[in-house]
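I have placed the structure first, in the form of structure tokens, so that the comments after it can refer back to it.
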Amino acid sequence: MKKLLPENFELDRYGLHCRLVREDDAEFIVAIRTDEKLARFIHPTDADVQQQMEWICEYKQREAEGTDYYYMFLKDGVRQGVARIYNIHDEDFTSGSWVFAQDAVKGSAILGDIISRELAFEQHPQAINLFDVRKDNITVQRYAHSYHPTILVEDEQNVFYSVTRDNFEKYKHLYIRLANR
């Protein structure tokens, strides 16, 4: 049976505030997902804020079913970035849509990724984390490899990985310490 997060879910961890994305986040999401520098390694997003609001409304149905959680991370009330856990099943989940503003507080992007994966593993302790990284995104490739994942497959643009909860737990503490310096 799926464990569902409440609609009003909020969490404070590692100095960040985490909550589920809302329609009023659409403008911020569009701004970071269409930022030229930030968008280099992610799937393209339309610059239409209304279209993003409609996507969020559709996402809320998947959230209610427990198959998709889109998190907003804030520091001192200021939006920092987003991360998403989706295609959630008892045996696996996918992490992605991980984008933080260029002016986000140092370390918040890493902490946001860690928090979103922690939440997924807390709900599904035996699950495997699936994710992909663009081959050209060297910094995130290094970060991904630090968790000692299994490479599942590659295509022209991406490397597809899986990581166990044990490996995630074993290596996340290094990043928590570094991000909180």
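The values are calculated or read from the model by the stated rules, or taken from the named source; none is laboratory data. The shown structure was predicted, so the numbers you read here are calculated from the model rather than taken from an experiment. Here the Cβ is made from the backbone with ideal geometry for all residues, glycine too, and neighbour counts use every protein chain on show. Please note that ligands, DNA and RNA were not included when accessible areas were found on the heavy atoms of the full protein model with its side chains. Shrake-Rupley method; radii C 1.70, N 1.55, O 1.52, S 1.80 Å.
A few comments on the model shown:
- With DNA, RNA and ligands ignored, accessible area of Leu5 (1.4 Å probe; Å², nearest 10): 30
- Reach of Lys135 by Cα under 13 Å, taken over aspartates and glutamates that are not fewer than 8 positions away in the same chain: Glu154, Asp155, Glu156
- For Ile29, net neighbour charge (Lys/Arg +1, Asp/Glu -1) across residues whose Cβ lies under 13 Å away: -4
- Summing charges over all other residues whose Cβ lies under 13 Å from the Cβ of Phe160, with Lys and Arg as +1 and Asp and Glu as -1, gives -3.
- Extension gain, Arg22-Lys3: 0.36 nm per intervening residue step, less the Cα-Cα distance, totals 4.8 nm.
- With the highest mean first, a sort of the peptides 83-92, 133-142 on other beta-carbon atoms found within 10 angstrom per residue produces 83-92, 133-142.
- Overall form of the chain per C-alpha gyration tensor (a/c, 1.5; a/b vs b/c): rounded
- From its DSSP helices (H runs of at least four residues, each -39,500 (n - 2.57)), the chain gives a residue-normalised ellipticity at 222 nm of -11000 deg cm²/dmol.
- Only lysines eight or more places from Lys3 in sequence, or on another chain, were considered; those with a Cα closer than 30 Å are Lys60, Lys75, Lys170, Lys172.
- Taking 0.36 nm per residue of sequence separation and removing the Cα-Cα distance, the Cys57/Arg40 pair yields an extension gain of 3.5 nm.
- Asn167-Asp136 FRET efficiency (beta carbon distance; Förster radius 22 Å; 0.05 resolution): 0.35
- Accessible area expressed per residue, the range 1-112, with surrounding protein chains retained (probe 1.4 Å, Å²): 54
- Carbon/sulfur fraction of accessible area - the chain, other protein chains in place, 1.4 Å, %: 50
- Length released on extending from Ala47 to Glu156, taking residue separation times 0.36 nm less the Cα-Cα span: 36.6 nm
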